[in-house]
1. Condition check: within 25 Å of Leu260 (Cα to Cα), open to solvent by less than 50 Å² (accessible area, probe 1.4 Å), more than 11 Å from the ligand (Cβ to nearest atom) and more than 15 Å from the chain's Cα centre (by Cα). Does Leu167 satisfy that?
2. For the range 96-105, which residues satisfy the criterion of being surrounded by 12 or more Cβ atoms within 10 Å (Cβ to Cβ) and of a type in the set (D, E, K, R)?
3. Are there any pairs with C-beta distances below 9 angstrom linking a residue in the range 148-169 that is among the aromatic types (Phe, Trp, Tyr) to a residue that is in a strand (DSSP E or B) and near the ligand (Cβ under 10 Å from one of its atoms), with the two at least 6 apart or on different chains, and if so which?
4. Six or more apart or on different chains, Cβ under 9 Å: which pairs go from a residue in the range 23-50 that's part of a helix (DSSP H, G or I) and open to solvent by 20 Å² or more (accessible area, probe 1.4 Å) to one that's within 6 Å of the ligand (Cβ to nearest atom) and of a type in the set (Ser, Thr, Tyr)? Could you list them?
5. Pairs only if they're at least six apart or on different chains, beta carbon under 7 angstrom, first in the range 171-190 and free of Cβ contacts under 8 Å to residues at least 40 places away in the same chain, second within 11 Å of the ligand (Cβ to nearest atom) and open to solvent by less than 40 Å² (accessible area, probe 1.4 Å); list them, first residue then second.
Amino acid sequence: MRIVHTIAETRAAIADLRRKGSVGLVPTMGALHAGHLSLVRAARAACNAVVATIFVNPTQFGPNEDFSKYPRTFQADCALLEAESVDLLFAPEPAEMYPEGSSTIVEVERISDRLDGQSRPGHFRGVATVVAKLFNIIGPDKSFFGQKDAAQVAVLRRMVRDLNFPLEIVVCPIVRDPDGLALSSRNRYLSPDDRKSALVLHRTLHRIESRAAAGEVDASALLDTGLAVLAEEPDVRLDYLRIVDPDTLEDRADVRQGALVAVAAWVGPARLIDNVLLPPHP
Ligand code: AMP
């Protein structure tokens with residue numbers, strides 16, 4: 001695996017890789033776990049060359065968020081990516097991505113203000129801007145993202161459509177620990193007690209999913225079910241629990257057409273998110 005830190009080196013390396021055929025991109029912020037590696041494997045299976053990026057993007061963190069203490073485990077990440085036969089790793093410094101005087105942003109209006117965008121103002125502007133830059137630098141045929149960040153998927157799909165990026169967004173399923181906790185780089189912040197409390201997120205989604213599968217179509221009834229489960233863990237501070245259209249992230253009143261059930265909550269020092277997609281009723 002070749003490791004590069006500048007845009008110029010990346011472009012030169014990609015020109016070489018292109019001779020192999022299609023290029024798959026896996027953007028990450030590092031602190032890699034099996035969820036990230038599932039994206040790498042999907043890219044490996046679908047494309048001739050795989051490019052991963054590690055960049056803790058400052059513009060997607062709010063002023064009181066965890067940018068400076070976000071876990072950085074670069075050497076271990078490199079070993080994991082190498083073992084998955086990644087061809088190229090692009091790991092820039094912030095100054096390489098945002099040189100002095102940078103003033104262009106990508107704003108995916110409306111969708112970016114919903115779910116995490118509502119709780120984290122400016123977050124999706126940072127995400128859309130950095131991902132657009134990575135697409136322009138790397139020019140992938142396919143780019144791989146996790147369903148874990150369902151709102152991010154909606155924002156990026158809309159960006160690709162609106163700005164005519166010539167690539168396909170591939171979304172991979174959520175990878176969970178055996179007890180149901182969705183893998184996240186932020187799980188490292190959890191104490192053993194926090195980790196037990198955090199299981200309530202998956203339990204909540206699971207209970208809603210079961211009730212919907214049993215025929216309940218009313219979103220507010222399903223949300224009540226979920227809130228009752230969340231109340232079992234008073235230490236978990238709910239940010240949002242919503243049932244929305246997976247493409248627009250607007251609230252859905254009923255789930256006959258299918259829906260995204262998304263939850264975000266603070267567990268100890270960590271803000272965790274999780275979600276489940278309800279299929280359309282037959
Ligand atoms: P991050 O490093 O947190 O920005 O995540 C990089 C990519 O990995 C994003 O597309 C995430 O959605 C994806 N990802 C993170 N956690 C998981 C997970 N548990 N399962 C599947 N994909 C994930």
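1. Here the answer is yes, as Leu167 does meet what is asked.
2. Residue satisfying the conditions is Glu96 alone.
3. Note: pairs meeting the criteria are Phe165/Ser143.
4. His36/Thr28; His36/Ser185
5. That search, which allows pairs on different chains as well, returns Val171/Phe145; Val171/Gln147; Val171/Val153; Arg176/Ala182; Arg176/Leu183; Asp177/Leu183; Leu181/Asn187.
For (1) modelled with pLDDT under 95; (2) open to solvent by less than 20 Å² (accessible area, probe 1.4 Å); (3) in contact with a helix residue (DSSP H, G or I) (Cβ under 8 Å, 6 or more places away or on another chain); (4) more than 27 Å from Thr248 (Cα to Cα), each residue gets a yes or a no:
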position	(1), (2), (3), (4)
Arg72	no, no, no, yes
Ser85	no, no, yes, yes
Pro94	no, no, yes, yes
Glu107	no, no, yes, no
Gln118	no, no, no, no
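The values are calculated or read from the model by the stated rules, or taken from the named source; none is laboratory data. Treat the numbers as computed from the prediction; the structure is a model and nothing was measured. Glycine gets a Cβ as well: all are built from the backbone with ideal geometry, and neighbour counts include every protein chain shown. Surface areas here come from the heavy atoms of the whole protein model, side chains and all, with no ligands, DNA or RNA. Shrake-Rupley method; radii C 1.70, N 1.55, O 1.52, S 1.80 Å.
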